[in-house]
1. Simple spin-label model, 7 Å along Cα-to-Cβ: ASN98 to LYS44 in nm?
2. Ranked from highest to lowest mean number of other Cβ atoms within 10 Å per residue, what is the order of the peptides 101-110, 117-126?
3. Which GluC sites (Glu not before Pro) in region 57-159 pass both tests, a DSSP loop state and at most 11 other beta-carbon atoms within 10 Å?
4. Would you mind working out the accessible area per residue for region 23-76, using a 1.4 Å probe, and quoting it in Å²?
5. Please give the length that would be gained between SER142 and SER89 if that part of the chain were fully extended, namely 0.36 nm times their separation in residues minus their C-alpha to C-alpha distance (nm, one decimal).
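The values are calculated or read from the model by the stated rules, or taken from the named source; none is laboratory data. Not measured: the values here are computed from a predicted model. Positions of Cβ are backbone-derived with ideal geometry, glycine not excepted, and every protein chain shown enters the neighbour counts. Heads up: the accessible areas ignore ligands, DNA and RNA and are worked out on the full protein's heavy atoms, side chains in. Shrake-Rupley method; radii C 1.70, N 1.55, O 1.52, S 1.80 Å.
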Amino acid sequence: MRARSALASAAAVAAVLLLLANGCACAMYKVGDLDAWGVPPPSKPDVYKRWAKGIHFALGDSIWFLYPPSQDSVLQVTPEAFAACDLASPILKLADGNSVFNLTTPGRAYYTSGAPGHCRKGQKLWVDVPMANGTYLQPSASDLAAQAPTPAAEAPEGSLSASAPAGAHPSAAAALRAVAGSVVAAAALSVALPLLL
């Protein structure tokens, strides 16, 4: 299991370095901002929906999940597994409490908690990742089905769509992305250099 985790970490670092070498102004976003990855509280049932709506993701960005590793994990899943809260066959499972997923493929990316019952309580999200030219792919039939409410009466809708923050000026967003990309580049290099030496 450690070898698999180390391999996934090395692949993530390699992907970030490749994107940076090609001039990507990538950014890393902590899922939920100040809130850790967990079941949304009754006072904020739409915390992940609001979080994703406030971000305009770009190809090469990363999303970071922070949570107690003894209590949770994060799974990348298919649209069908997302809609059904099926945790049986994830695309990728990370359980270290400090999990980073790189958004390297255009389209929708789906994530859910790996803890039993948490997905049905609303601990899941999806993000749209545009192509390199900034246009979005049309949602597939599976994507549209995944937007249906979580199969639990009290759970909030799990559909999240990334869009630019209201009133954000495009040049301001680009400047912020460039600054964030520099921070991510420095962090990626500090991790990658010891691995390469």
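1. Spacing of the two 7 Å Cα→Cβ label points: 2.2 nm.
2. Numbers: 101-110: 19.6, 117-126: 22.8.
Sorting 101-110, 117-126 by mean packing, highest first, produces 117-126, 101-110.
3. On the way: sites: GLU80, GLU154, GLU157; in loops: GLU154, GLU157.
For GluC sites (Glu not before Pro) across region 57-159 that sit outside H, G, I, E and B with at most 11 neighbouring Cβ atoms in 10 Å, the list reads GLU154.
4. Values: 2390 Å² over 54 residues.
That works out to 44 Å² for each residue.
5. Details: separation 53, 0.36 × 53 = 19.08 nm, distance 1.64 nm.
Value of the extension gain: 17.4 nm.
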